[in-house]
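First comes the structure, then the notes that go with it.
The values are calculated or read from the model by the stated rules, or taken from the named source; none is laboratory data. Remember, predicted model here, so these are calculated numbers, not experimental data. Neighbour counts are summed over all protein chains in view; Cβ atoms, including those assigned to glycine, are modelled from backbone coordinates with ideal geometry. We work out accessible area using only protein heavy atoms, side chains counted, and drop any ligands, DNA or RNA first. Shrake-Rupley method; radii C 1.70, N 1.55, O 1.52, S 1.80 Å.
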Amino acid sequence: MRVLIVFGTTEGHTREICQFAARSLREAGHTATVEEAMGEGLAVQLAPYEAVILAGSLHVGRFQPGLVRFAQAHAELLNAKASAFIAVSLSAAGENPDDWEGLKECLARFEHETGWTPKAVHHAAGAIKYSQYDFFKRLALKQIAAKRGQKTVTSHDYDLTDYDAVRAFVLDFVAASA
């Protein structure tokens, strides 16, 4: 199956997740193309692909503007095709019911803004990349992690993604779409 993966990223972690998903699909015998939705949008044709996966990371309750514009511009085709969404966030790493309710609200807002309703959704835990943050962002994320009971050291980065779950999601999605 030919699969297009389109992503938006702020710190690069969603790109890493999408590249991993594409490798997993290729290892299973599928064709996977990965493209970043940024700026004024991505000029890619959806017609050659049997399935499309969009992925974006949540920052302050919103997904990347380029990804939102891509989904808006292609909503009709995305709704007609086998399409899925990978929502990346730090909230997905925890079990706090309020955080999960917030994730549902952010996804509902994204669907409303774009006019696209994905056939399948996977919430993937993101990463804490202290090495990329300024002093204030490091401090804020350290406090957020501590509030959630996670001890972190700002001299290390933390990848919280469950890659086995990402692999299972994309392979199950493609199998169900065949």
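Worth pointing out:
- The residues of the chain expose on average 51 square angstrom of accessible surface per residue, using a 1.4 Å probe on protein heavy atoms.
- Of A124, A146, A108, the one that fluctuates the most in a GNM where the chain has Cα springs shorter than 10 Å: A146
- Within the accessible area of the chain (1.4 Å probe), percent carbon and sulfur: 53 percent
- Modelled FRET efficiency - R0 25 Å, A28 with N79, Cβ distances, 0.05 increments: 0.45
- Here the label points at M1 and A47, each 7 Å from Cα along the C-beta direction, are separated by 2.2 nm in the simple model.
- Values (1) 24, 18, 15; (2) 56, 15, 12; (3) 28, 17, 15 are given for comparison; semi-axes √(5λ) of the Cα gyration tensor in Å, derived from the coordinates here, is the one labelled (3).
- Mean-position separation - Cα centroids, the range 102-137 and the range 1-45, in angstrom: 16 Å
- Over 31 Å between alpha carbons, listed pairs K81/K137; K81/K151; K104/K151; K81/K142; K104/K137: K81/K137; K81/K151; K81/K142
- Helix axis angle, 135-147 relative to the chain longest principal axis, alpha carbon, degrees: 90 degrees
- Residues K104, K151, K81, ordered by accessible area of protein heavy atoms at a 1.4 angstrom probe radius and largest first, appear as K151, K104, K81.
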